[in-house]
Amino acid sequence: MTEPPLTVFFADSMLGRLARWLRILGYDTAYERVVPDRDVIDRVLRENRWLLTRDEDLAKRRVLRGRHTLLTSDALEEQLRQLARELSLDLAIDPHRASRCAECNLTLGPIPHEEAVRLVPAFVSGQQAAFTSCAGCGRIYWPGTHWSDLLARLKRFRGPAPDSALVAGP
Ligand SMILES: [Zn+2]
């Protein structure tokens, strides 16, 4: 069995908020709200994903040995900190790693400014030059400071971060 990469995840049903943030940071993160354990295992193995779970019984399953992280906290910030520590996960928004839609997990693509102008509030289109959108749900994302709160807290444990963030926060 191939070792799963440490940047392609399946987040269990208790980790919806973490899943959204991992997507924004650009990590392919599968997540389903309601899913039986056997389907979690099937998908983790079939798609060769690294399982993130809060479920101790699931984490004990032999078939998941060497391919999961058992998260120890319910707090998002602590969960991200654990992944940074144990998987050396980069928590910066990296321009070379395209963000993914927080809802759909699809990679965001750039859209022309004139198209975005028709779809976002005027105060946004007047201030922002670059927009991306999700081909799945049509949500539009743009650099901004609305997510600076969590990013600033993350900065405290991983050093300086770029100023840009994305607006449509989870
Ligand atoms: Zn989407």
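Observations
- Condition met for residue 96 (closer than 17 Å to residue 142 by Cβ, more than 16 Å from the ligand (Cβ to nearest atom) and of a type outside the set (Phe, Trp, Tyr)): no
- For region 12-70, taking the residues that are at positive phi and small (Gly, Ala, Ser), the one that is surrounded by the most Cβ atoms within 10 Å (Cβ to Cβ) is identified as 26.
- Of everything listed in (1) basic (Lys, Arg); (2) in contact with a Pro (Cβ under 6 Å, 6 or more places away or on another chain); (3) free of Cβ contacts under 8 Å to residues at least 60 places away in the same chain, the single unmet condition for residue 43 is (2).
- Residue that is nearest to the ligand (Cβ to nearest atom), among those in region 108-126 that are more than 19 Å from residue 95 (Cα to Cα), of a type outside the set (Val, Ile, Thr) and surrounded by 11 or more Cβ atoms within 10 Å (Cβ to Cβ): 119
- Every listed requirement among (1) away from the ligand (no atom under 16 Å from the Cβ); (2) surrounded by 14 or more Cβ atoms within 10 Å (Cβ to Cβ); (3) not aliphatic (A, V, I, L, M) is met by residue 131 save one, (1).
Read-outs throughout are calculated quantities, based only on the coordinates presented, and are distinct from any laboratory measurement. Given the structure is predicted, the values throughout are model-derived calculations rather than measurements. Methodologically, a virtual Cβ is constructed for each residue, glycine included, from the backbone with ideal geometry; neighbour enumeration extends over all protein chains shown.
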